[in-house]
Amino acid sequence: MSEQAFAAVDLGATSGRVVLGHLQEDAAGAGPALRVRHVARFANDPVRTRDGLHWNVLELYRQVLLGLAAAQRHHPGEIASVGIDSWAVDYGLLAGGRLLGTPFHYRDSRNEAGVDTVHARVGAKELFARNGLQHLPFNTLFQLATEGTLLEAADTVLLIPDLIGFWLTGAVVAERTNASTTGLLTAGGDGWDLDLARRVGVYPHLLPALVDPGTPVGRLTPDVAETVGAALDVVAVGSHDTASAVVAVPATGDDFAYVSCGTWGLVGLELKDPVLTGDARTAGFTNEGGVDGRTRFLKNVMGLWLLSESLRQWNPAATDAERSAELSDLLDAAARVTGPVAVFDVNDPAFLPPGDVPGRIRNWCRAHGEPVPDTPAQVVRSVVESLAVAFAAAVADAARLADHDVRVVHLVGGGALNTLLCQLTADRTGLPVLAGPVEATALGNLLVQARAAGRLGPDLDDLRAVARASAGVVRYAPRHQPGQTPRSASDPGKP
Ligand code: LFR
């Protein structure tokens, strides 16, 4: 008999993938595990047109169809369901089922105007009290405030994974974890804040019914099923990629912090309830919705974007493969850099838009009396060092603000492959860092589907046990305590 498999569509800000997970019962006596295979991987290259920076959503959808068709071709009859996750906040507007305009990229500069419009109606303090979100200029409600006549014409707003799900199945839903990043959901995620929506100009009828991760969404429509080769079922997962990644944190107990490290470094805790204090707001923390009603109390730290955008600046024509080879050479060189290393504020909004990130880092350092990194290896070292400092500060702040014990930091996502970053994060936090799984987002997506199919235990702890059995984890011990952080790269600090 063929094995049962689940398909994860995982769309990141720079690339997307379709991944298959086969559930293996009791792998080598360690309990069930998911054997994860990549079926398709494709670039996600934004496109700038006269009106701004956009996602190429039609190309993404085409790649999803190709990926699902390939999965079905290689594993006919095995795929029990499909789950979709992506980055948060961005959306398509629809009228009568038609997409109105091309979705904007959250790094487009239009958002500042939206912030002013919204804040003129609802102040920052009240917003945080209602939606619990860190102020990020790209939160959906600020973006919607820039839409003007298009919003008037629309009858539905769908976040990106829900839009892909709609094209696949025809079902119109808003998955709750991702809906929590819009700024229009009540803190704690009970429902849309319709009063707030009205005050910021979003008609309640635009907001679809909320569904929880694990809920069946629908079946591929007949024409899509013909393209893919089977009438597969789509199941809601933690469709915010970070929510899926947090599900796959291979933690035991709750005294852990996580860094979900890809384009962004999402640093924080999993809690039962939101933290809505003034201190949490001014420290820039967010309360996003997690799977099973948990709160993801975290901070958006700039993340590996600083490296990917620097590489793009240094070699704009490089292919994906060339870029990852260059990155690995540069990280080796960065680990060997000696002399003082600049530590800059990675969260400075200057680093948000695409462009000359190395130049902006040098400007920041000049303006703040830091040594100015010159060579690419020095820039990379400075980025990695500064990310580790920001991660450590966010872990300490989260623990303090939520009054929560943290004994270990789980670093998941692509950043788990960056040994320098993992070691420096252990050094700067003074805590052990457990790095992996690298594919936490896809794994979390698959785990929620396997549970919905009745194949796994009911609790997040059950899912995390499967995550532990499914992926390797590397341990980094701190080489010194946080108070003894070195200023010189050649001095890793006292053991
Ligand atoms: C990570 C992420 C973050 C979100 C940012 C923008 O991929 O989803 O959680 O703040 O992208 O959507």
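Bear in mind that the values in this text are calculations on the coordinates, not laboratory data. Here the structure is a predicted model, which is why all the values come from computation and not from measurement. Cβ sites come from the backbone with ideal geometry, for glycine too, and all protein chains shown count toward neighbours.
For this structure, a couple of remarks:
- For the chain, the orientation-averaged shadow of the C-alpha convex hull comes to 22.3 nm² (one quarter of the hull surface).
- Site pair Arg35 and Ala367 shows an inter-label distance of 5.4 nm when each label is modelled 7 Å from Cα along Cα→Cβ.
- The H on the amide N of Gly303, modeled in the peptide plane, is under 5 Å from the matching H of Gly265, each at least 5 residues off or on a different chain.
- Taking a Cβ cut-off of under 11 Å around Val246, the surrounding Lys, Arg, Asp and Glu residues balance to a net charge of -1, with basic ones at +1 and acidic ones at -1.
- Cα centroid separation - region 121-197 against region 390-431, whole Å: 30 Å
- Label-to-label distance, nm, for residues given as Thr215 and Glu25 (7 Å Cα→Cβ offset): 3.2 nm
- Cα-Cα pairs of region 5-235 separated by more than 22 Å (percent): 54 percent
- Quotient of C-alpha Rg and 2.2 N^0.38 Å, computed over region 359-469: 1.38
- Longest exposed-site-free window of the chain, the sites being trypsin sites (Lys or Arg not before Pro) in a DSSP loop that have at most 15 other C-beta atoms within 10 Å: 51-271
- Mean separation of Cα contacts under 8 Å, 6 or more apart, over the residue count of the chain: relative contact order %: 16 percent
- Whole-number percent relative contact order across region 194-287, with pairs defined as alpha carbons under 8 Å at least 6 apart: 15 percent
- Neighbourhood charge, 13 Å Cβ-Cβ cut-off, centred on Leu210 and excluding it, Lys, Arg +1 and Asp, Glu -1: -4
- Scattering curve values for region 194-269, log₁₀ I(q)/I(0), Debye with Cα scatterers, q = 0.27 Å⁻¹: -1.11
- Basic side chains Lys and Arg get +1 at the Cβ, acidic Asp and Glu get -1 at the Cβ, and with that the dipole of the chain about its Cα centre reaches some 680 debye.
- Residue exposure sequence - Cys422, Cys365 - by fewest surrounding Cβ within 10 Å: Cys365, Cys422
- Across region 167-173, coupling constants 3J(HN,Hα) worked out from phi with the 6.51/-1.76/1.60 Karplus curve, θ = phi - 60°, read 5, 6, 10, x, 7, 10, 9 Hz, and Gly and Pro carry x.
- Fewest-first ranking of Ser324, Ser308, Ser239, using other Cβ atoms within 10 Å as the exposure measure: Ser324, Ser308, Ser239
- Approximating the spin labels as points 7 Å out from Cα along Cα→Cβ, the Ala70-to-Ala321 distance works out to 1.4 nm.
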